[in-house]
Amino acid sequence: MKRLTLTTAVALALPAFAQAAEITVVREVDSNNYDPHRAVARAAAEVLFMLGDTLVSLNPDMQTIEPGVAESWDVSDDGLTYTFNLRDDVYFCDGKQMTAEDVAYSITRWVDPETKSPVAWRAGDVESVTAVNEFTVEYKLSEPFSELLYQLTQSFGTIIDSANVEALGEDFGVSGFNGSGPFCWVEWTPRDKMIIERHEAYSWGAPFHTNTGPASMEKITWQVVPEENTRTVALLTGQSEITQYVPDIALAQLRDAPTVEVVRSDLAFWTYFMGFKIDKATVSDPAVRQAINLAVDQTAMAEDLFFGEVEPAYSYVSQGALDWNTALDDTLLTYDPDEANRILDEAGWELGSDGVRSKDGVRLEPIAYVFAGSTWGKISESVQAYLREIGVAMDIQAFDATVAWGRLATQEFDMFGMSFPYVSSGDALNLYFRSENMPTPNRMNWNDAQTDELLQAGKTALDDATRAESYGAVLEIVHDAAVWLPLYHEPMVVAQSADLETVVPHNIYGAGLYKGLDLKFKE
């Protein structure tokens, strides 16, 4: 297995990629698998969108729902029944025609408890999904779900081939994937690369695409390159034609390079944070969690680590997100190390001769699980340095993405690093704070009946005011409890070869290239 290194990135030139319709996309990390119902990493979504299709599609404006494999749909007045009318010209990569039975199978598997999908809630409270006829699907809910259509645009809603799932068993999404997307699975070497090739029959892209299929690119290689400098050199030397994993330190250089174009979208909501497993002795005390929030200077981190290209975060979601509670604006915790030390002193956490605080035999040495790679490496080390100043000795343990997701589903750690995309406050809150989502993605073990009731009220609300009030109350509860340490909000930035037509970044789940249909070399 050969990995792209700084030396090889400089030494190798791949002019054939510009002549043949083939490109290499460099990215920082890989996914642990490509099963749409079990994989929650951005690395999975960005490939799954190219390999498969969803019932409906989200326009790059991040608001408008457009057709996918469903060309039209109807919703009952009570919000409980959705009827989807499918296209009759959609085919999987093996040539099998997609029918309503495939859709019913896919959604049913998604919500089946045996699948153990950490994002089953995104499908709503499903009563049944049935094939009315060959190309009509009836999707029944037991309770309304105001965001159902948006959630069905996500990679988790990818329509899969039941025969492929049954043939591959536990290796589905690991050794293969028979999808209906613009590209077909060729080969995956974990932690190294994913190779996909054009689906020649594809012609059913969403209306907002300039090209609805087939794709212009014959082949795409997703190459894992953990090192920031190597990704930069790969772009500058033609080893890679495009990436959204752009090192902030290199953006000025890339913007000035005649061979590279940098495209930015501020429509993205993507937040980085560190969470606390609140039933662990080290961080069960709200005073400790509050002090940690006060000890970290997010503004300085945004400037020093990310060169001002990101927005410092003090809130769990962007304050521009739908249903943000503006009453919290003046109550958010900001950098104040003196107040952090005062709070810990008052709470009885005594500073030892080695500079680490302790109380009742518990030392403030929380174990923090993070993803291996340059981004979380510098984030966690910066947070670690700030926490030393208040007597907290955070122990960083980094894991490759192929194993990190499994480790993050355990009870072995006290803190964890995570980033996530969302389009609204409710989208974020339902993901992380429902008790039914323990131990993952509710890795904090936040188990609060009031939170669950409010989230359900917001989820099933049939009017905007009820939804906003419910989600606003949850935001107040979790911020008051200091369940997270918010770090920064990240825009979508794509760096591409000047030989490519300018891309329009798509912000859905942070998968900037989305279906890859509009990737094209200039003529």
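The values are calculated or read from the model by the stated rules, or taken from the named source; none is laboratory data. Given the structure is predicted, the values throughout are model-derived calculations rather than measurements. Don't worry about glycine lacking a Cβ; one is built from the backbone with ideal geometry, like all the others, and counts go over all protein chains shown. Calculation scope for accessible area: heavy atoms of the full protein, side chains included, ligands and nucleic acids excluded. Shrake-Rupley method; radii C 1.70, N 1.55, O 1.52, S 1.80 Å.
Observations on the model:
- Residues within region 305-346 that are surrounded by fewer than 20 Cβ atoms within 10 Å (Cβ to Cβ), hydrophobic (A, V, I, L, M, F, W, C) and within 24 Å of the chain's Cα centre (by Cα), tallied: 3
- Condition check for LYS520: more than 30 Å from VAL288 (Cα to Cα), among the charged types (D, E, K, R) and under 18 Å from the mean Cα position of the chain (by Cα): no
- Filter result (of a type in the set (Ser, Thr, Tyr) and open to solvent by less than 20 Å² (accessible area, probe 1.4 Å)) within region 355-374: TYR369
- Scanning region 401-418 for residues that are open to solvent by less than 30 Å² (accessible area, probe 1.4 Å) and at pLDDT 90 or above gives ALA404, LEU408, PHE413, ASP414, MET415, PHE416, GLY417, MET418.
- Only one of the numbered conditions (1) of a type in the set (D, E, K, R); (2) under 23 Å from the mean Cα position of the chain (by Cα); (3) not in a strand (DSSP E or B) is not met by ASP89, and that is (2).
- Selection count, region 344-358, where residues are free of Cβ contacts under 8 Å to residues at least 40 places away in the same chain and either closer than 16 Å to LEU294 by Cβ or among the polar types (S, T, N, Q) (or both): 4
- Criterion: assigned to a helix (DSSP H, G or I), exposed (fewer than 15 other Cβ atoms within 10 Å of the Cβ) and touching a residue at least 24 places away in the same chain (Cβ under 8 Å) - qualifying residue of ALA302, ALA287, ALA291, ALA252: ALA252
- Being touching a helix residue (DSSP H, G or I) at 6+ places or on another chain (Cβ under 9 Å), touching a residue at least 24 places away in the same chain (Cβ under 8 Å), outside the structural domain of ARG434 (by TED's automatic domain parsing) and under 25 Å from LEU454 (Cβ atoms) is a description that does not apply to SER180.
- Scan of region 25-52 for residues that are open to solvent by 10 Å² or more (accessible area, probe 1.4 Å) and either modelled with pLDDT of 95 or more or within 22 Å of TRP121 (Cα to Cα) (or both), ordered by number: ASN32, ASN33, ARG38, VAL40, ARG42
- So ILE396, is it hydrophobic (A, V, I, L, M, F, W, C) and either open to solvent by less than 10 Å² (accessible area, probe 1.4 Å) or at positive phi (or both): no
- Restricting THR237, THR282 to residues that are open to solvent by 20 Å² or more (accessible area, probe 1.4 Å) and over 25 Å from the mean Cα position of the chain (by Cα) narrows the list to THR237.
- Boolean, PHE420 is of a type in the set (A, V, I, L, M, F, W, C) and touching a Lys or Arg at 6+ places or on another chain (Cβ under 8 Å): no
- Test for GLY352: is it modelled with pLDDT under 95, of a type in the set (Gly, Ala, Ser), on the phi < 0 side of the Ramachandran plot and open to solvent by 10 Å² or more (accessible area, probe 1.4 Å): no
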